Amino acid sequence: MAAVTLNNIAKQGKHGAAMMPIIQGVGRAAIEIAAVLRSAVFRGALGQAGAENVQGEQQQMLDVLSDEIFLDEMRSTGFVCAVGSEEQEELLVIDEYVHSDYLVLVDPLDGSSNLDVDGPVGTIFSIVKRKTDNSICPHVSDTLQSGQEVIAAGYVLYGPALMMVCSVGVGVDGYTFNSSNARFELSHPNIRIPESGGYYSVNESNADKWTDNMGANLERLKKESGLGMRYVGAMVADMHRTLIKGGIFLYPADDKNPTGKLRLLYEAIPMGFIMEQAGGKAMSRDVAVLDIEPESLHQRIPVYLGSKTKINILLSKNAK
Ligand code: P6P
C-alpha cells in the first residue's frame, strides 16, 4: 500500500487544503535542520552564538541557523506573510508575500541547551489567519490571537527518528521521516493521550520556589496516581512522551519566573492545541491555555499539560 505523506493533510477538515503547503514547508525546514544538527560538531556550530535573544537567554549558534532555515522555508511556501519567532524580538514580515493570509509562530529550536549533550530538541509552530486586511502590511497584533483562533499547530522532534506531529483541528497525526524516500510518512495516525499510566514531568529542583500551591498539588498527584517521573528538559521531548505514554508535563510559575518560563504564543498554545486535539487538557493556573488572550509576542505563562484525569487531580482545590 502506498505510504501516506503530508499530502494527507489536504483532505483533513475545513483548513487542511490551505494548511498543507505551509506544513510541508515546516517538513522541509525540519529535514534541513536535522541535517545541520547531525553534523554541527564537525563545523564548530555547537555552543553559544555570543549573543542573547529577546528572552535574555544565551543564543546557541544552531538557534540562529534554525531560525534562518525556518524563515526561508516559510517564505518559499508563498502563503505566509509574517513569522513571529522566539529568536526575533520583532515580527518578521515576508516582503515578497506581504499580502498572503497566514502568519506562523515558531520556536525554531526548542531545548537547544540539550545540544551539547546530544539530547533531543524540537521545533514548535502554530498557524493563524491574519486579522488585518491583506492590502496592508501584517502587524504584530495579527499574532496576538488566542488558541481558539489557531488553525493548525504541531511540533518536530529531532530524536532517534525525525518526527512531525501536527493537527489542523480534526485530531492529531504523527509522521516519521523515511530517509529511503526522503519524505515524512504517516506512522502514528490519530494520536490519543492515554488516560492512565505514563509519568509526571517537571523540573522538581524548582519545587521550593513554586507559587500557586503547586508543591502541595504535585505531592497529592504523586500520591494518588503513583506515576513514575521522566524529565528531558526539552518541551517537545517531554510533551511527546506525555502524549504517547500519558501523564502530565508542567512548568509552574516560581519566585524566579513569576509568570512562568514557557512562552504563550509559540510553546504553550501550539502544545495546548495538540494536547486538546489528542483528548488531553492544557491549563495555566485555573484557565485553559487556549482561552488566554495574548498581550505580547514573547509573553510567558505557567503551563500544565496532560491527561484530563491527572490535570483534574493536580488542580482540584483541596491540596493541603
Ligand atoms: P528548565 C528549553 O529551554 C525550554 O524552553 C523548554 O524546552 C523546556 O521545557 C524548559 O525550557 C526547560 O527549562 O528550567 O527545566 O531547564
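Some points to look at:
- Flag: residue 232 does not match the condition of being under 25 Å from residue 162 (Cα atoms), within 16 Å of the ligand (Cβ to nearest atom), assigned to a helix (DSSP H, G or I) and open to solvent by less than 70 Å² (accessible area, probe 1.4 Å).
- Considering the range 27-52, the residues that are touching a strand residue (DSSP E or B) at 6+ places or on another chain (Cβ under 6 Å) and part of a helix (DSSP H, G or I) include one that is most open to solvent (accessible area, probe 1.4 Å), namely 37.
- Among residues of the range 101-118 that are without any contact (Cβ under 8 Å) to a residue 24 or more places away in the chain, those with a Cβ under 9 angstrom from a residue that is surrounded by fewer than 16 Cβ atoms within 10 Å (Cβ to Cβ), sequence gap 6+ or separate chain, pair up as 118/41.
- Verdict on residue 6 being modelled with pLDDT of 95 or more, under 16 Å from residue 123 (Cβ atoms), open to solvent by less than 40 Å² (accessible area, probe 1.4 Å) and touching a Leu at 6+ places or on another chain (Cβ under 7 Å): no
- Screening residue 305 with (1) in a strand (DSSP E or B); (2) in contact with a Lys or Arg (Cβ under 8 Å, 6 or more places away or on another chain); (3) under 24 Å from residue 103 (Cα atoms) gives one miss only, at (3).
- Residue check for residue 180: more than 21 Å from residue 290 (Cβ to Cβ), at pLDDT 95 or above, in a strand (DSSP E or B) and open to solvent by 40 Å² or more (accessible area, probe 1.4 Å): no
- Enumeration of residues in the range 170-184 that are touching a helix residue (DSSP H, G or I) at 6+ places or on another chain (Cβ under 9 Å) and under 17 Å from residue 32 (Cα atoms): 175, 177, 182, 183, 184
- Meets criteria (in the same structural domain as residue 149 (by TED's automatic domain parsing), free of Cβ contacts under 8 Å to residues at least 24 places away in the same chain and surrounded by 16 or more Cβ atoms within 10 Å (Cβ to Cβ)) for residue 83: yes
- Exclusive hit being in a helix (DSSP H, G or I), open to solvent by less than 10 Å² (accessible area, probe 1.4 Å), in contact (Cβ under 8 Å) with a residue 24 or more places away in the chain and outside the structural domain of residue 86 (by TED's automatic domain parsing), set 248, 311: 311
- Positions within the range 200-224 being assigned to a helix (DSSP H, G or I) and either within 9 Å of the ligand (Cβ to nearest atom) or touching a Gly at 6+ places or on another chain (Cβ under 8 Å) (or both), in sequence order: 205, 206, 207, 208
The values are calculated or read from the model by the stated rules, or taken from the named source; none is laboratory data. Just so it is clear, the structure is predicted and the values come from calculations on it, not from any experiment. Note that each Cβ is placed from the backbone with ideal geometry, even for glycine, and that neighbours are counted across all protein chains shown. For accessibility, only protein heavy atoms count, side chains too; no ligands or nucleic acids. Shrake-Rupley method; radii C 1.70, N 1.55, O 1.52, S 1.80 Å.
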